[in-house]
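In what follows, a single structure is set out as structure tokens and then discussed.
The values are calculated or read from the model by the stated rules, or taken from the named source; none is laboratory data. Keep in mind it's a predicted model, so treat the numbers as computed, not measured. A quick note on method: Cβ atoms are made from the backbone with ideal geometry, for glycine too, and the neighbour counts reach across all protein chains shown. Only protein heavy atoms, including side chains, enter the accessible area calculation; ligands, DNA and RNA are left aside. Shrake-Rupley method; radii C 1.70, N 1.55, O 1.52, S 1.80 Å.
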Amino acid sequence: LESPNILSLAKSTSLPSAGLTFERMALATPLAVVLLLLGPYLAPVAGDDASPAVSLQELEALVADDECDATSAEGECALNAAQLRAKVQEHRAALKEPKEEEEAAGEDEAPFESSEESEDDDPELSSILEEPSWTAECFAYTGGTCTTSVCDEWRGATCRRAKCVCSGCAGADGKCYAQQNRLVARRFHLNNGKYGKYKMYFQRLSAFNQMKTTEMWSSLNMEQDLFDLYELPGEKDGKKAYFLASSKWPNSVVGFKATTGTAVSPFGTYAVDLGEKVSMFDAWGLASVMLHLCSSGPQSSYRGAIQIWAVVHGKKIWAYVHGGSWFVYGSLTQPGEGGYWIPD
């Protein structure tokens, strides 16, 4: 029923069982109370299951009950109305019970738990999703590629963007290791053996990032002349390999490459960003930054000094300073005094 038709319907409808018309009921009970009583029975609530409507006899008894209360009548009228009201209340309670049971059952049920493992629970998947480390402390690239084939099993690496990458750190032998590179020494200077007042340093601004020497006081160099030395796990051709890194810029290490016409010397010593060694445009490979060190013998006049070298494309290159320039170059032969470096 729509609300505008309720009053007209009430005037033309009678309830024969009690001999009562809606007009007479309106005199005893306000219309608002009648509408309040009729509302729950006129239409089911949206979303509820369809349920049988209250019978006309039950509705008449409810109205009669209100009339009995209004006239203070007693006896059969009140008894009949009370019985039918109790019946309607039982009917309404029966409709509510299934919902209450459903809610109670829902409360008792355990919260939903997925049987599938999340990404965080899968260590292998998590290691793939994590960004690899490209620092001197831990460098994840093994040097292997997987463009046309899978990574060699002996590496223990995963193919990532056509590169064989470790979930841990790569060693000098191209294998993956769980441990990080070992810090051998930190925050030390490298003074040249031939030019004792000059020490190697990383340039802040440079067109080619070539390593250079300076006699400027260390306090004025803003830590650009401080080095950290890391030893990689494993060995290459029976020798240990090292990263000679900047204390100021941990991703920058010393490496060798060709000067490509920028100097008379064919090779130079450069500051290399380890992140760029993963690039497909890197032509010099990891061997150019995996350095080897050898110390001078006890009989040498440069006792305690070291020599720095690497094997690049089958050629041994030594870091040294030659006359007429304060840049650090690479020599294909033993460089003499200019190739000794004294740590302090």
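Taking a Cβ cut-off of under 13 Å around Asn251, the surrounding Lys, Arg, Asp and Glu residues balance to a net charge of -2, with basic ones at +1 and acidic ones at -1.
Summarising the label geometry, the points placed 7 Å from Cα in the beta-carbon direction at Asp237 and His313 lie 1.6 nm from one another. Greater than 30 Å separation of Cα atoms is the criterion. Which listed pairs, Lys175/Lys257; Lys199/Lys257; Lys175/Lys212; Lys175/Lys315; Lys197/Lys257, meet it? Too far apart for the 30 Å limit: Lys175/Lys212. Stokes-Einstein diffusion of region 114-273 at 4 °C, 1.567 mPa s viscosity, Kirkwood radius from Cα pairs, rounded to a whole number: 72 µm²/s. Summed over the residues of region 227-288 and divided among them, the accessible surface reaches 43 Å² per residue at a probe radius of 1.4 Å. Residues whose amide H lies under 5 Å from that of Ile308, counting only those 5 or more places away or on a different chain, are Ala319; hydrogens are built 1.01 Å from N in the peptide plane.
Asp273 exposes around 60 Å² of accessible area when a 1.4 Å probe is run over every protein chain in place. With N as its number of residues, region 250-328 has a Cα radius of gyration that, divided by 2.2 N^0.38 Å, comes to 1.21. Take every pair of alpha-carbon atoms less than 8 Å apart whose residues are at least six positions apart; their mean separation over the length of region 185-340 yields a relative contact order of 21 percent. Charge tally for Gly330 (other residues, Cβ to Cβ under 11 Å; Lys, Arg +1; Asp, Glu -1): +3.
Summing charges over neighbours of Trp154, with a neighbour being any other residue whose Cβ is under 12 Å away from its Cβ, gives -1 when K and R count +1 and D and E count -1. So if we plug the beta-carbon distance of Leu220 and Ser325 into 1/(1 + (r/R0)^6) with R0 = 25 Å, what FRET efficiency do we get, rounded to 0.05? Efficiency at R0 = 25 Å is approximately 0.70. Once backbone amide H atoms are built at 1.01 Å from N, Gly144 has Cys164 as its partners under 5 Å, excluding neighbours fewer than 5 places away on the same chain. Model label sites at Lys197 and Leu332, defined 7 Å from Cα along the beta-carbon direction, differ in position by 3.5 nm.
A DSSP coil position with no more than 14 other Cβ atoms inside 10 Å describes the following trypsin sites (Lys or Arg not before Pro) in region 158-228: Arg161, Lys197, Arg204.
Can you give the translational diffusion coefficient of region 195-344 in µm²/s, computed by Stokes-Einstein from the Kirkwood radius over Cα pairs at 20 °C and 1.002 mPa s? Taking Rh from Cα pairs, D becomes 136 µm²/s.
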